[in-house]
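Here's the structure, in C-alpha cells; my notes come after.
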Amino acid sequence: MNWLLLVIAGLFEVGFATCLGKAKETSGAASTWWLIGFLVCLSISMFLLYKATQVLPVGTAYAVWTGIGAVGTVIVGILFFKEPADAWRLFFLCTLIVSLVGLKFVSR
C-alpha cells in the first residue's frame, strides 16, 4: 500500500511540474488556474510522500518519488511541450527507470 501511495505521490509531482509548464505558456486567468493546479498537486504529492515515509525508508522513498517525477515530467515534456527526444536523452531516462525499479527490489 505504501508503495502505491508513493507512486501516486510521484504522479502528482509530474502534475505540479506540468502545471508550472502550462502556467509559463499562458497569461491572465488561465495562468492563475494553472498555478492553483500546481499548489493542489504539490500539496497532495507532499502529503502522500509523508504518508509513504511513515513505513518506507526516507532515502528510498524520496529517491523513488523524485525519480517518478523526473521520468514523468520528461515524458510529459516530450509529448506535450515538444522537448527533444534524442537517443541519449531516452537512454538516460531508461537508466533512471532501471535504477528506480532496483531501489524498489532492494528495499524492505
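I want to confirm something. Restricting to segment 33-62 and keeping residues that are closer than 18 Å to Ile8 by Cβ and more than 17 Å from the chain's Cα centre (by Cα), which single residue is surrounded by the most Cβ atoms within 10 Å (Cβ to Cβ)? Looking at residues that are closer than 18 Å to Ile8 by Cβ and more than 17 Å from the chain's Cα centre (by Cα), I get Leu56. For Leu5, the criteria (1) of a type outside the set (Asp, Glu); (2) assigned to a helix (DSSP H, G or I); (3) modelled with pLDDT under 95 hold in every case but one, which is (3).
Set side by side, the residues Ala70, Ala30 differ, and just one is crowded, with 16+ Cβ neighbours inside 10 Å and in contact with a helix residue (DSSP H, G or I) (Cβ under 9 Å, 6 or more places away or on another chain), which is Ala70. Close Cβ contacts (under 8 Å, 6 or more residues apart or on different chains) running from residues in segment 2-26 that are on the phi < 0 side of the Ramachandran plot and touching a residue at least 40 places away in the same chain (Cβ under 8 Å) to residues that are surrounded by 18 or more Cβ atoms within 10 Å (Cβ to Cβ) and not in a helix (DSSP H, G or I) comprise Asn2/Leu56; Trp3/Leu56; Leu6/Leu56. When Trp65 is tested against (1) closer than 22 Å to Asn2 by Cα; (2) modelled with pLDDT of 95 or more; (3) in contact with a Lys or Arg (Cβ under 8 Å, 6 or more places away or on another chain), only condition (3) is not met. Filtering segment 63-108 to residues that are under 15 Å from the mean Cα position of the chain (by Cα) and in a loop (DSSP other than H, G, I, E, B) leaves nothing. Applying the condition of being hydroxyl-bearing (Ser, Thr, Tyr) and in a helix (DSSP H, G or I) to segment 23-60 and asking which residue is modelled with the lowest pLDDT yields Thr60.
Filtering segment 21-32 to residues that are within 16 Å of the chain's Cα centre (by Cα) and not basic (Lys, Arg) leaves only Gly21.
The values are calculated or read from the model by the stated rules, or taken from the named source; none is laboratory data. Here the structure is a predicted model, which means the values were calculated and not measured. For neighbour counting, all protein chains shown are included, and Cβ atoms are generated from backbone atoms with ideal geometry for every residue, glycine included.
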